[in-house]
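The values are calculated or read from the model by the stated rules, or taken from the named source; none is laboratory data. Model, not experiment: these values are computed from the prediction. Cβ coordinates were reconstructed from backbone atoms using ideal geometry, including for glycine residues, and neighbour counts include every protein chain displayed. All accessible areas refer to the heavy atoms of the entire protein, side chains included, with ligands and DNA or RNA removed. Shrake-Rupley method; radii C 1.70, N 1.55, O 1.52, S 1.80 Å.
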Amino acid sequence: QVQLVESGGGLVQAGGSLHLSCTASESIFDFNYMGWFRRGPGIQPELVATINVGGRTVYADSVKGRFTISRDGTENTVYLQMNNLRAEDTDVYYCNARRARSGSWGQGNQVTVSS
C-alpha cells in the first residue's frame, strides 16, 4: 500500500504562515495528482490545492493567492505553503494521492488559526 506521511501544521495567528509536507512511499509521479483536502463545512472533503503529473495546479477559490503547492520529485514530497492564514482556514488537512481508479490518504494534520 502507498504510505503518505504528513508533517507541518500547528497553531498560528491570523496573517501568519505554515508549511505542510506530504511524503509518499513511491514516486509522486505515479499519481495523477497529489495535494490536500480539508474537512470543510460539508460532508464532502473540500479540495484545497492539487498538483498533477504535468505540474498543473488547482486551488480552491478561497485560498488562491495565499497558498502555493509545489513538489520535489527527488524526495517524493509535495509541499503546501500557506500564507496570510485566516481563522476560517482552521481545519484538519489531509494529503491525498490520486491514481486513475484509486487514492490514498495521509493521517491528517491540524491547522489552527487564531484571531
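In segment 8-36, which residue that is among the aromatic types (Phe, Trp, Tyr) and either touching a helix residue (DSSP H, G or I) at 6+ places or on another chain (Cβ under 8 Å) or open to solvent by 30 Å² or more (accessible area, probe 1.4 Å) (or both) is farthest from SER114 (Cα to Cα)? Before you say what the answer is, go through the steps one by one.
Let us first name the residues in segment 8-36 that are among the aromatic types (Phe, Trp, Tyr), namely 29, 31, 33, 36.
Filter again for either touching a helix residue (DSSP H, G or I) at 6+ places or on another chain (Cβ under 8 Å) or open to solvent by 30 Å² or more (accessible area, probe 1.4 Å) (or both), leaving 29, 33.
Working: PHE29: 36, TYR33: 31 Å.
Result: PHE29.
Quick check on my filter: what residues within segment 58-85 are among the basic types (Lys, Arg) and either in contact with a Cys (Cβ under 7 Å, 6 or more places away or on another chain) or open to solvent by 40 Å² or more (accessible area, probe 1.4 Å) (or both)? Working first, answer last.
If we filter segment 58-85 for residues that are among the basic types (Lys, Arg), which is where we start, we get 64, 66, 71.
Across segment 58-85, the qualifying residues are LYS64, ARG71.
Can you find, within segment 37-54, the residue that is surrounded by the fewest Cβ atoms within 10 Å (Cβ to Cβ) among those that are in contact (Cβ under 8 Å) with a residue 12 or more places away in the chain and of a type in the set (S, T, N, Q)? If you could, list the steps in order and put the result at the bottom.
Our first condition is that a residue be in contact (Cβ under 8 Å) with a residue 12 or more places away in the chain; within segment 37-54, this holds for 37-40, 45-53.
Keeping just the survivors that are of a type in the set (S, T, N, Q) gives 50, 52.
Working: THR50: 23, ASN52: 15.
Top of the filtered list is ASN52.
Hey, GLU88 hits all of (1) open to solvent by less than 50 Å² (accessible area, probe 1.4 Å); (2) of a type outside the set (Lys, Arg); (3) modelled with pLDDT of 95 or more but one; which does it fall short on?
(1)
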